[in-house]
Amino acid sequence: MNDTDRLYELFKIFLVQQPHTPSHKLVNEAQIALNNFKRMAEEREKHEESMKALSGAGIEALDLTVRAENCLKSENIYTVDQLCQYSERNLLKINGMGRKALNEVKEALAKMGRTLR
């Protein structure tokens with residue numbers, strides 16, 4: 001059970017123990033908000049898990065242009081994790097990697113929630 005589940009269970013216990021609050025409507029609204037909170041927390045966890053899975057993925061997952069992908073492969077960069085170890089300055093030193101390809105790489109990484117070093 002993670003922290004989100006524990007928090008959800010504590011809120012449920014609180015709501016059950018407070019049936020005679022001044023407004024039953026308030027309790028119902030709190031339960032709806034709590035259910036929405038749990039749903040959003042579950043979606044966030046799923047998103048984080050998928051991002052972790054993609055981090056070990058090959059650079060093909062970035063959907064770069066052929067030129068940018070070939071530049072990275074020429075430097076033996078084959079995974080997103082390897083790519084994230086490079087700085088902008090180091091990438092620009094790669095033969096054929098220009099500012100446009102660098103920006104493409106940075107944008108693709110940003111979509112995955114990742115950055116260069």
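Here is how the numbers come out for the structure above:
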quantity	calculated
Cα→Cβ-extended label distance, 7 Å offset, between GLU43 and LEU10, nm	2.4
Region 59-111 - percent relative contact order, Cα under 8 Å, separation 6 or more	47
Anisotropy class of region 59-111 from Cα gyration tensor, a/c 1.5 cut	rounded
Spacing of the two label points (7 Å from each Cα toward its C-beta) at ARG89 and ASN28, in nm	6.3
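Bear in mind these aren't lab numbers, they're just calculated from the coordinates by the rules spelled out. If you're wondering where the values come from, they're calculated on a predicted model, not measured in any experiment. We place every Cβ from the backbone using ideal geometry, glycine too, and count neighbours over all the protein chains shown.
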